[in-house]
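Novice: I'd like to ask some things about the structure below.
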Amino acid sequence: MNIFRKIAFSRLTGVAITFLLVSVAPVMAEGDTVCIQCHGSQTGRGLAPVKPWQTSIHAVNGISCNHCHGGDPTDSANAMSPQRGFLGAPEELAIPGFCGRCHIGIKADYLHSAHGRALGKGGPTCVTCHGSHAVQKVSIELINEKNCSRCHSYDRARIIRSAMEQTETTLVTLSQRLEQLKERGVDTAELEKRLFAQRNSYHSLFHEVNTARITDESAKIAAELNLIKGRLDKIDAEHHQRKVIGAFAVGGALLAALLLNLLRRTYC
Amino acid sequence: MFLFRKIHNWLNVRLGVDDLVEKQLTGYLLPANINRWYSLGSVLLFIFTLQVISGVLLLVYYVPDADKAFTSVNAIMNTVPYGWLIRLCHVVGSNMMVLVLILHMLSVLFMGSYKRPRELNWLSGFVIFTLVMAISLTGYLLPWSQLSFWATTVATNSAGAIPFVGSYLVEFLRGGALVGPYTLGRFFALHVAVIPIGIVAIIGLHLFLLERIGVSTPPFGLSDTKNPWKDDRFRHEDHPGGIPFFPNYLLSDMTSVAIYLVFFLLILFFASNIFLPKDAFIPANPFQTPAHIKPEWYFLSNYQTLKIFPNEFIGLMVQGAGMTFLALLPFIDRGPERHPLKRPLFMVCAVGGILLWIGLMIWGHYS
């Protein structure tokens with residue numbers, strides 16, 4: 001009797017554990033690495049990077065902990081083993097190289113800039129402005145008094161920002177217009193490529209502190225953006241023309257319906 | 001003028017043109033109380049003709065190859081002169097054809113025109129309806145966009161719920177386990193050749209039956225609204241004292257076509273995106289399922305019905321039973337009364353059915 005009870009108890013326990021595993025499984029987001037699973041259950045310093053990373057552009061684009069810090073995201077026991085390529089957090093001087101493994105062009109821009117040249121001499125690294133885990137999509141909003149004043153006066157940065165602001169606005173506007181046209185079946189591939197190239201050139205200016213160069217480059221970008229805008233204006237004008245023709249066609253059909261109805265009534 | 005008269009005489013001697021005109025046009029009398037709803041058939045013929053013309057024009061540039069289909073449709077929309085107009089005509093026209101066809105069937109239902117001796121008219125009309133749904137479904141895949149690819153995946157998947165043969169049927173429809181280049185080939189052949197030929201043949205039969213049996217009298221404005229048909233011998237339903245088809249009713253038909261054109265052109269020029277959402281302009285990607293993929297509006301109620309029942313097979317059976325009931329309605333509803341207000345059971349079922357269909361459609365859209 002006792003043995004049967006034990007068997008029944010062990011079976012019930014098995015069923016309960018299976019049920020628990022099945023019901024808990026959906027709570028853990030599918031695709032979470034062991035890094036997130038482990039750090040997510042910690043407190044204090046261990047937990048600190050999880051939430052900021054979850055709100056970052058890296059998370060949006062599927063760049064996880066292991067893509068920067070190395071290690072094995074599938075094996076919790078050896079996730080942080082140097083044998084599995086774990087790098088940990090870089091030292092200050094190594095930060096540009098750490099981020100620059102992916103952001104190659106931006107690393108070069110940074111190293112050529114006054115910020116990059118001051119590396120190790122009190123100058124900022126990537127994470128000083130962009131943060132280490134809550135990295136957001138870059139916009140001109142990053143250049144602001146609060147950020148810049150941490151190290152130097154905002155005067156020069158203000159001039160840089162105002163020189164770039166118009167380009168930023170134009171880029172955003174053109175992107176939105178392209179998206180709208182794409183949703184209406186317009187082939188925007190070529191214009192998107194051109195805009196992408198200009199956006200890249202513009203982003204390369206983000207690490208520049210030479211105001212003269214920024215003004216020159218911004219003017220060149222603005223000229224190219226103006227050409228793209230011209231193309232979009234032409235497409236919009238064509239679509240407007242189609243609507244005018246459409247209004248006439250609808251009016252014509254309406255008039256035909258009225259006339260035909262009047263003609264029909266003359267026979268009745 | 002002299003030349004025209006000479007040609008007329010030449011044809012008259014050989015073909016009896018005057019007699020033909022008298023018999024089929026000026027002397028062809030329709031019920032005196034005929035209404036605007038009767039012209040929906042002519043509107044449908046007009047739409048179908050426009051679909052054939054725009055479809056043939058699209059065929060000139062469309063490439064039925066999975067690697068090139070999207071690019072070719074993109075080129076039609078952007079580089080072919082007036083290609084956008086032709087494609088939008090075809091897309092908007094296909095949706096309008098389903099809508100007008102449903103209205104035509106509803107008018108026949110409410111006026112009791114499906115009743116004896118017109119069972120075959122109803123049945124042939126029902127077959128046309130099924131073929132129009134099939135041509136719409138097959139045409140939907142051809143642009144090879146995200147929308148078409150995933151909507152077809154969902155639609156063909158439901159056939160898999162049929163026990164025993166389901167998986168074979170899905171594979172037969174797709175030409176493989178998944179929607180792919182072979183599905184496109186099959187759907188293209190069905191869309192441009194098999195189904196249109198079928199539709200033309202059944203339209204021919206439908207018109208022959210209309211001509212042979214005669215146009216039904218609407219039940220409105222009459223003291224006796226009962227079905228006058230006697231089950232003893234064939235009689236063509238004549239309408240002495242009625243109105244001539246030409247010019248009177250032809251003008252009514254043309255007015256209806258012009259009214260249809262107003263709505264058609266309004267959607268085409270100002271709101272075509274209601275039939276072509278964002279996903280219709282993204283190339284098909286079998287590895288990326290869009291977040292909220294939905295079938296076309298006329299399949300939304302079917303889609304929602306499948307979701308309501310715990311088992312897709314039950315959902316399919318319910319739909320099959322509903323469609324069979326509708327197809328066989330003239331053999332089930334054999335009462336002589338034709339006026340809708342004198343048929344309370346019919347009215348409750350019909351209005352309830354329409355509301356249920358619309359409700360399921362809205363539910364399917366927002367679910």
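Novice: For region B:336-346, state whether one or more residues are under 30 Å from residue B:120 (Cβ atoms), touching a Lys or Arg at 6+ places or on another chain (Cβ under 8 Å) and surrounded by 14 or more Cβ atoms within 10 Å (Cβ to Cβ).
Specialist: yes
Novice: So which of A:161, A:184, A:156 is within 15 Å of residue B:281 (Cβ to Cβ), basic (Lys, Arg) and either modelled with pLDDT of 95 or more or surrounded by 13 or more Cβ atoms within 10 Å (Cβ to Cβ) (or both)?
Specialist: Among A:161, A:184, A:156, only A:184 is within 15 Å of residue B:281 (Cβ to Cβ), basic (Lys, Arg) and either modelled with pLDDT of 95 or more or surrounded by 13 or more Cβ atoms within 10 Å (Cβ to Cβ) (or both).
Novice: Additional query: Checking the condition surrounded by fewer than 20 Cβ atoms within 10 Å (Cβ to Cβ), in contact with a helix residue (DSSP H, G or I) (Cβ under 7 Å, 6 or more places away or on another chain) and either at pLDDT below 95 or over 15 Å from residue B:196 (Cα atoms) (or both), which residue from B:141, B:103, B:99, B:88 passes?
Specialist: Sole residue among the options that is surrounded by fewer than 20 Cβ atoms within 10 Å (Cβ to Cβ), in contact with a helix residue (DSSP H, G or I) (Cβ under 7 Å, 6 or more places away or on another chain) and either at pLDDT below 95 or over 15 Å from residue B:196 (Cα atoms) (or both): B:103.
Novice: OK, next. Can you name the helices (runs of 4 or more DSSP H) wholly within region A:1-82 that have at least 1 residues being open to solvent by less than 60 Å² (accessible area, probe 1.4 Å) and at pLDDT 50 or above?
Specialist: Hits in region A:1-82: A:34-40, A:50-54, A:57-60, A:65-69.
Matching residues to (1) open to solvent by 50 Å² or more (accessible area, probe 1.4 Å); (2) under 24 Å from residue B:154 (Cα atoms); (3) modelled with pLDDT of 95 or more:
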residue	(1), (2), (3)
B:188	no, yes, yes
B:198	no, no, yes
B:204	no, no, yes
B:221	yes, no, no
B:224	yes, no, no
B:232	yes, no, no
B:247	no, no, no
B:253	no, no, yes
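Novice: So which helices (runs of 4 or more DSSP H) are wholly in region B:272-367 and hold at least 2 residues that are on the phi > 0 side of the Ramachandran plot?
Specialist: Counting at least 2 such residues, we get no helices (runs of 4 or more DSSP H) at all.
Novice: OK, next. Looking at region B:315-323, is at least one residue under 23 Å from the mean Cα position of the chain (by Cα), within 30 Å of residue B:42 (Cβ to Cβ) and away from chain A (no Cβ under 14 Å)?
Specialist: Within region B:315-323, one or more residues are under 23 Å from the mean Cα position of the chain (by Cα), within 30 Å of residue B:42 (Cβ to Cβ) and away from chain A (no Cβ under 14 Å).
Novice: Scanning region A:181-204 for residues that are within 9 Å of chain B (Cβ to nearest Cβ) and part of a loop (DSSP other than H, G, I, E, B), which turns out nearest to residue A:117 (Cα to Cα)?
Specialist: The qualifying residue nearest to residue A:117 (Cα to Cα) is A:187.
Novice: Now a separate question. Give region B:71-86 a look and list any residue that's more than 15 Å from residue A:246 (Cβ to Cβ) and within 11 Å of chain A (Cβ to nearest Cβ), or say none.
Specialist: Selection gives B:71, B:73, B:74, B:75, B:76, B:77, B:78, B:79, B:83.
Novice: Taking residue B:5 as meeting all but one of (1) of a type outside the set (Gly, Ala, Ser); (2) assigned to a helix (DSSP H, G or I); (3) open to solvent by less than 80 Å² (accessible area, probe 1.4 Å), write down the number of the exception.
Specialist: All conditions pass for residue B:5, except number (3).
Novice: Going through region B:277-297 one residue at a time, which ones are of a type outside the set (Phe, Trp, Tyr), within 11 Å of chain A (Cβ to nearest Cβ) and crowded, with 18+ Cβ neighbours inside 10 Å?
Specialist: B:279, B:280
Novice: Now a separate question. Answer yes if at least one residue in region A:238-250 is part of a helix (DSSP H, G or I), open to solvent by 70 Å² or more (accessible area, probe 1.4 Å) and more than 14 Å from every other protein chain (Cβ to nearest Cβ), and no otherwise. Explain how you work it out, then say what you get.
Specialist: Just the residues of region A:238-250 that are part of a helix (DSSP H, G or I), to begin with: A:238-250.
Still in the running and open to solvent by 70 Å² or more (accessible area, probe 1.4 Å): A:238, A:240-241, A:243, A:245, A:248.
The next check asks that each one be more than 14 Å from every other protein chain (Cβ to nearest Cβ); those that pass are none.
No, every residue in region A:238-250 fails to be part of a helix (DSSP H, G or I), open to solvent by 70 Å² or more (accessible area, probe 1.4 Å) and more than 14 Å from every other protein chain (Cβ to nearest Cβ).
Novice: Among the residues of region A:64-84, is any of a type in the set (S, T, N, Q), in contact with a Pro (Cβ under 7 Å, 6 or more places away or on another chain) and under 29 Å from residue A:207 (Cα atoms)?
Specialist: Yes - at least one qualifying residue is present in region A:64-84.
Novice: For residue A:222, are the conditions met, namely being surrounded by 12 or more Cβ atoms within 10 Å (Cβ to Cβ), within 14 Å of chain B (Cβ to nearest Cβ) and either in a helix (DSSP H, G or I) or on the phi < 0 side of the Ramachandran plot (or both)?
Specialist: Spelling it out, it is not the case that residue A:222 is surrounded by 12 or more Cβ atoms within 10 Å (Cβ to Cβ), within 14 Å of chain B (Cβ to nearest Cβ) and either in a helix (DSSP H, G or I) or on the phi < 0 side of the Ramachandran plot (or both).
Novice: Return the only residue of A:174, A:178 being away from every other protein chain (no Cβ under 14 Å), under 26 Å from residue B:278 (Cα atoms), hydrophobic (A, V, I, L, M, F, W, C) and touching a helix residue (DSSP H, G or I) at 6+ places or on another chain (Cβ under 9 Å). Spell out the reasoning first.
Specialist: Details: A:178 fails: away from every other protein chain (no Cβ under 14 Å).
Sole residue among the options that is away from every other protein chain (no Cβ under 14 Å), under 26 Å from residue B:278 (Cα atoms), hydrophobic (A, V, I, L, M, F, W, C) and touching a helix residue (DSSP H, G or I) at 6+ places or on another chain (Cβ under 9 Å): A:174.
Novice: Looking only at region B:39-61, how many residues end up being in contact (Cβ under 8 Å) with a residue 60 or more places away in the chain and either among the β-branched types (Val, Ile, Thr) or more than 13 Å from chain A (Cβ to nearest Cβ) (or both)? Write out each step before concluding.
Specialist: First pass over region B:39-61, keeping only residues in contact (Cβ under 8 Å) with a residue 60 or more places away in the chain: B:39-48, B:52, B:55, B:59.
When the remaining residues are screened for being either among the β-branched types (Val, Ile, Thr) or more than 13 Å from chain A (Cβ to nearest Cβ) (or both), the result is B:40-41, B:43-45, B:47-48, B:52, B:55, B:59.
The qualifying residues number 10.
Novice: Need the failing condition index for residue A:158 against (1) outside any helix (DSSP H, G or I); (2) over 15 Å from the mean Cα position of the chain (by Cα), just the number.
Specialist: Here residue A:158 meets the rest and fails (1).
Novice: I need the full set of residues from region A:205-214 which are surrounded by 15 or more Cβ atoms within 10 Å (Cβ to Cβ) and part of a helix (DSSP H, G or I), in order please.
Specialist: If the condition is that a residue be surrounded by 15 or more Cβ atoms within 10 Å (Cβ to Cβ) and part of a helix (DSSP H, G or I), then A:205, A:206, A:207, A:214 are the ones that fit.
Novice: Any idea how many residues of region B:263-276 are closer than 19 Å to residue B:142 by Cα and facing chain A (nearest Cβ under 8 Å)? Lay out the reasoning, then the answer.
Specialist: We begin by selecting, within region B:263-276, every residue closer than 19 Å to residue B:142 by Cα; these are B:272-276.
Filter once more, so that each one left must be facing chain A (nearest Cβ under 8 Å): B:273, B:276.
Of the residues in region B:263-276, 2 are closer than 19 Å to residue B:142 by Cα and facing chain A (nearest Cβ under 8 Å).
Novice: Of all the residues that make up region B:26-45, how many are open to solvent by 60 Å² or more (accessible area, probe 1.4 Å), assigned to a helix (DSSP H, G or I) and among the hydrophobic types (A, V, I, L, M, F, W, C)?
Specialist: Final tally of qualifying residues: 2.
Novice: Name the residues in region A:124-155 that are under 18 Å from residue A:205 (Cα atoms) and part of a loop (DSSP other than H, G, I, E, B), would you?
Specialist: Listed by number, the residues that qualify are A:124, A:125, A:136, A:137, A:138, A:139, A:143, A:144, A:154.
Novice: With respect to residue B:64, determine if the residue is without any contact (Cβ under 8 Å) to a residue 12 or more places away in the chain and part of a loop (DSSP other than H, G, I, E, B).
Specialist: No, not satisfied.
Novice: To continue, here is another question. Name the one entry in B:77, B:111, B:105, B:97 that is free of Cβ contacts under 8 Å to residues at least 60 places away in the same chain and within 30 Å of residue B:342 (Cα to Cα). I'd like the intermediate steps shown before the answer.
Specialist: Numbers: B:77 fails: within 30 Å of residue B:342 (Cα to Cα); B:111 fails: free of Cβ contacts under 8 Å to residues at least 60 places away in the same chain; B:97 fails: within 30 Å of residue B:342 (Cα to Cα).
Within the list B:77, B:111, B:105, B:97, the selection yields B:105.
Novice: Restricting to region A:189-203, count the residues that are out of contact with any Asp or Glu (no Cβ under 8 Å at 6 or more places or on another chain), surrounded by 13 or more Cβ atoms within 10 Å (Cβ to Cβ) and not charged (D, E, K, R).
Specialist: Number of matching residues: 3.
The values are calculated or read from the model by the stated rules, or taken from the named source; none is laboratory data. Just so you know, these numbers come straight off a predicted model, no measurement behind them. Glycine also receives a Cβ, built like all others from the backbone with ideal geometry; neighbour counts cover every protein chain displayed. The area values use the complete protein model at the heavy-atom level, side chains included, leaving out ligands, DNA and RNA. Shrake-Rupley method; radii C 1.70, N 1.55, O 1.52, S 1.80 Å.
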